[in-house]
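Only one structure is covered here, and it is reproduced in the block below.
The values are calculated or read from the model by the stated rules, or taken from the named source; none is laboratory data. Just so we're clear, the structure is a prediction, and the values are computed from it rather than from any experiment. Here the Cβ positions follow ideal geometry from the backbone for every residue, glycine too, while neighbour counts run over all protein chains shown.
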Amino acid sequence: SSNRQSSDALYQDALTHIVGGVNSPSRSFKAVGGGAPVYMERGEGAYFYDVDGNRYIDYLAAYGPIITGHAHPHIHEALVNASLKGLLYGTPHRLEVEFAKKLKQAIPSMDKVRFTNSGTEAVMTTVRVARAYTGRELVVKFSGCYHGHSDLMLIAAGSGPATLGSPDSAGVTKATAKEVITVPFNDIDAYREMMKEWGDQIACVLVEPIVGNFGIVEPKPGFLQAVNDITHEHGALVIYDEVITAFRFTYGSAQQVYGIEPDMTALGKVIGGGLPIGAYGGKAEIMETVAPLGPAYQAGTMAGNPASMATGIACLEVLEQPGVYEKLDALGAKLEAGIREAAEKHDVTITINRLKGALTVYFTDEIVTDYEGAEKSDGEKFGRFFKLMLENGVNLAPSKYEAWFLTTEHTEQDIEETIEAVHRSFAQL
Ligand code: PMP
């Protein structure tokens, strides 16, 4: 693009040194019609400044973690203080105890927790623990949900609604695919039928209690409770993947929003305040399956490192202030209303799913309650919208399935500017 020469040059350089030019495929512009991604120089509050000096209002929030905005002073201070005492010990230390207590207080279903370095590791380990605890091997997930890039979690649905899966990535074995069953989200009949057939072999079901990976999709009333009840009837465990949802919609987790207790919970993203992190926890009896107490192994050189603990604690300290989630909700409502008005004015067909400070704009006129619905969003149109928004100073995720995330640092003025950018973009669509 004409005003992004430095970005374009960096991308050309990156292509020769980094595979695909990016360190995570979601950062490439492949899904929005190609082209060079934007290279950011600096983040500050709700804003990004790119290497060519352009400013963007940011709704990517690094795919969720940056809920307190970029370079938040309280988190910055915590990181500086931690770094002065040494970045990595390989021994136990005070902050991991403090943070474990703080997390447990916020998410009471976790009697015991263990820190990891990423959401992928956290989820991967919950499955291992569930298998160790139940002595069973099959795993259930809902289609379109993402649970990290471990082999087992890269299995797509098979041909029927409740059949064994097929690898969703080259390099994942057919044998692994036979260990995972995929069913549609929000379809309790399909879930019940599947459990009737496979229930006694199933170790666990992985649930995004509020889906964040084909846009924001809430569970239908009764769905989560039914999943819990049916799963437990068959002696399997319920694992909530709250890597996106924890501390996003309330101080605590989605399980508390719906009043449902899973057996285990996986965490990541927001709880690190921007540094690498993951965590998993659950009922004491289940967690005691983990080494050094039990036979299920999990470890990590960087796990529970002082810097991630310090920024995680600092982030939660910001989020536990009164009014944070009310503010995110109010900003989200204002943004949603503005986008709807712009769509009407410019005759653009959209569906918006919003929960508090997170929303998804689907380019379809159908309501979206599952992956099949989300897939109907017009990807080509989204791609053009995404690029127009960039030209108009708004940074979104380059994927039609991704949410827009508000932060505590967005202001009403930012929302108004964003809505103006939406008007200009819709006018050119
Ligand atoms: N679970 C969910 C629900 C996620 O959204 C993600 C990341 N997008 C992960 C797990 C994996 O987390 P990480 O990228 O930290 O490995």
Fill in the blank from the handout: Here the qualifying pairs (Cβ atoms under 7 Å; residues six or more apart or on different chains; first in region 164-177 and of a type in the set (S, T, N, Q); second outside any strand (DSSP E or B)) come out as 166/158; 166/177; 169/154; 176/151; 176/152
Problem - Matching entry among 215, 252, 272, 259 (being away from the ligand (no atom under 11 Å from the Cβ) and crowded, with 24+ Cβ neighbours inside 10 Å) - result: 215
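Rundown of residues vs (1) part of a strand (DSSP E or B); (2) within 30 Å of residue 116 (Cβ to Cβ), yes/no style:
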residue	(1), (2)
301	no, yes
308	no, yes
316	no, yes
331	no, no
341	no, no
347	no, no
352	yes, no
374	no, yes
389	no, no
Exercise for the section: Return yes when residue 43 is more than 16 Å from the ligand (Cβ to nearest atom) and on the phi < 0 side of the Ramachandran plot and no when it is not. Expected result: yes
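So that you can scan it fast, the table gives a plain yes or no per residue for (1) in contact with a helix residue (DSSP H, G or I) (Cβ under 7 Å, 6 or more places away or on another chain); (2) more than 16 Å from the ligand (Cβ to nearest atom); (3) not assigned by TED's automatic domain parsing to the domain that holds residue 416:
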site: 13; (1), (2), (3): no, yes, no
site: 32; (1), (2), (3): yes, yes, no
site: 51; (1), (2), (3): yes, yes, no
site: 60; (1), (2), (3): no, no, no
Practice task
Would you check if there is a residue in region 105-112 being basic (Lys, Arg), over 27 Å from residue 327 (Cβ atoms), at pLDDT 95 or above and touching an Asp or Glu at 6+ places or on another chain (Cβ under 8 Å)?
Solution key: yes
Practice task
Quick one: in region 228-249, of everything that is among the aliphatic types (A, V, I, L, M) and within 16 Å of the ligand (Cβ to nearest atom), which residue is nearest to residue 202 (Cα to Cα)?
Solution key: 238
Handout entry: Which numbered condition residue 284 fails, given (1) over 25 Å from the mean Cα position of the chain (by Cα); (2) in contact (Cβ under 8 Å) with a residue 60 or more places away in the chain; (3) farther than 23 Å from residue 251 by Cα
Key = (3)
Practice task
Tell me the strands (runs of 3 or more DSSP E) entirely within region 6-123 that contain at least 3 residues that are within 23 Å of the chain's Cα centre (by Cα).
Solution key: 40-44, 55-58, 112-116
Practice task
Quickly run through region 74-133 and pick out the residues that are among the polar types (S, T, N, Q) and either away from the ligand (no atom under 16 Å from the Cβ) or without any contact (Cβ under 8 Å) to a residue 60 or more places away in the chain (or both).
Solution key: 81, 83, 91, 105, 109
Handout entry: Unique residue being closer than 21 Å to residue 148 by Cα, outside any helix (DSSP H, G or I) and modelled with pLDDT of 95 or more when the list is 209, 292
Key = 209
Exercise for the section: State whether the residues of region 138-150 include one that is in a strand (DSSP E or B) and small (Gly, Ala, Ser). Expected result: no
Practice task
Looking for whichever is assigned to a loop (DSSP other than H, G, I, E, B), in the same structural domain as residue 101 (by TED's automatic domain parsing) and touching a strand residue (DSSP E or B) at 6+ places or on another chain (Cβ under 7 Å) here; the options are 214, 249. Which one fits?
Solution key: 249
